[in-house]
Amino acid sequence: ISSTGWTIVTSITISPDGTIFIGGYFESAGGNTNCNNIAYYNGSDWAPLLTGLNNRVESLKFAPDGKLLIGGQFLNADGTNGDYICWWDGTAFRSFTDLGAIELNDYVSSIDINPNGTIIIGGDFTEAGDDPNANGVAAWRGNNWGPIMAGGVNGAVYDINCTDNNTIYICGEFTKAGDLVLTDRVAKSVQGAYQPIDIDLPGVAAIRTILVASDGSLYFGGGFSTT
């Protein structure tokens with residue numbers, strides 16, 4: 001249990017070799033106090049990644065090259081750099097500043113990979129990579145963060161889902177995506193332009209999570225009722 005009284009798991013992912021990793025807001029796991037906000041299951045108990053991270057982990061995603069990508073509210077993941085996003089290389093936390101990136105200025109809540117292998121992130125940051133078009137959602141360009149083709153949004157992004165046909169679904173607290181004004185706080189980027197989703201949720205709904213199933217069905221959940 002953390003000193004705040006909260007123990008929250010916000011993300012679970014499984015490595016290519018079947019190892020379970022969890023992230024969230026906790027100060028220990030399996031009784032190990034080095035499991036700060038992130039841990040993995042070693043077959044018999046939860047085990048630490050070094051001494052963990054200094055604040056909440058929101059998202060975990062394995063990249064095609066085996067990196068465990070980690071997003072959240074933490075700072076200084078490698079001890080000096082690595083604000084809000086980093087990766088675990090198997091022995092240490094690494095910062096994207098090692099590859100030339102400018103640090104993000106606020107939290108990362110979601111990470112996904114598009115079919116081309118590009119990392120797409122969402123959160124409450126602005127001007128990722130020092131680009132004014134990369135607000136709330138951004139892509140990794142090899143040596144820095146930059147905007148996706150459709151541009152940014154005007155509020156926090158809570159979840160991202162990249163499909164096999166290169167469509168990017170995003171949801172969160174925003175009311176405008178690029179030049180598109182939204183009735184509900186979810187949109188999709190298709191061929192570099194935002195499009196609305198054909199839904200009408202009651203009231204002012206904040207959508208927290210979104211999933212495109214293998215049959216093309218769209219599932220989402222959040223702060224709404226009586227759909």
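The values are calculated or read from the model by the stated rules, or taken from the named source; none is laboratory data. Note that the structure is a prediction, hence the values are computed from the model and not measured. Every residue, glycine as well, gets a Cβ built from its backbone with ideal geometry; the counts of neighbours run over all protein chains shown. The protein model used for the area step is the full one, side chains on, heavy atoms only, and it has no ligands, DNA or RNA in it. Shrake-Rupley method; radii C 1.70, N 1.55, O 1.52, S 1.80 Å.
Computed quantities for the displayed model
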{"read-out": "Test for I14: is it of a type in the set (A, V, I, L, M, F, W, C), in contact with a strand residue (DSSP E or B) (Cβ under 6 Å, 6 or more places away or on another chain), within 28 Å of G172 (Cα to Cα) and crowded, with 18+ Cβ neighbours inside 10 Å", "value": "no"}
{"read-out": "Selected residue [open to solvent by 20 Å² or more (accessible area, probe 1.4 Å), closer than 19 Å to T10 by Cβ and within 17 Å of the chain's Cα centre (by Cα)] from D112, D106", "value": "D106"}
{"read-out": "Test result for A150, in contact with a helix residue (DSSP H, G or I) (Cβ under 6 Å, 6 or more places away or on another chain) and either in a loop (DSSP other than H, G, I, E, B) or open to solvent by less than 10 Å² (accessible area, probe 1.4 Å) (or both)", "value": "no"}
{"read-out": "Qualifying residues in region 176-204 (those that are assigned to a strand (DSSP E or B) and open to solvent by 70 Å² or more (accessible area, probe 1.4 Å)) - the one farthest from N161 (Cα to Cα)", "value": "V181"}
{"read-out": "I207 among the β-branched types (V, I, T) and open to solvent by less than 30 Å² (accessible area, probe 1.4 Å)", "value": "yes"}
{"read-out": "Some residue of region 27-37 being within 17 Å of the chain's Cα centre (by Cα) and within 24 Å of Y158 (Cβ to Cβ)", "value": "yes"}
{"read-out": "Close pairs from region 75-97: first surrounded by fewer than 16 Cβ atoms within 10 Å (Cβ to Cβ), partner basic (K, R), Cβ under 8 Å, at least 6 apart", "value": "D78/R94; D89/K67"}
{"read-out": "Subset of region 115-137 (residues that are touching a residue at least 24 places away in the same chain (Cβ under 8 Å) and buried (at least 19 other Cβ atoms within 10 Å of the Cβ))", "value": "I119, I120, I121, G122, G123, D124, F125, A128, G129, G136, V137"}
{"read-out": "Residue match in region 183-199 (condition: under 14 Å from S110 (Cβ atoms) and aromatic (F, W, Y))", "value": "no"}
{"read-out": "Answer residue from region 49-66, given it is modelled with pLDDT under 95 and open to solvent by 60 Å² or more (accessible area, probe 1.4 Å) and is farthest from I121 (Cα to Cα) among those", "value": "D65"}
{"read-out": "Residue match in region 30-48 (condition: open to solvent by 70 Å² or more (accessible area, probe 1.4 Å) and within 30 Å of G129 (Cα to Cα))", "value": "no"}
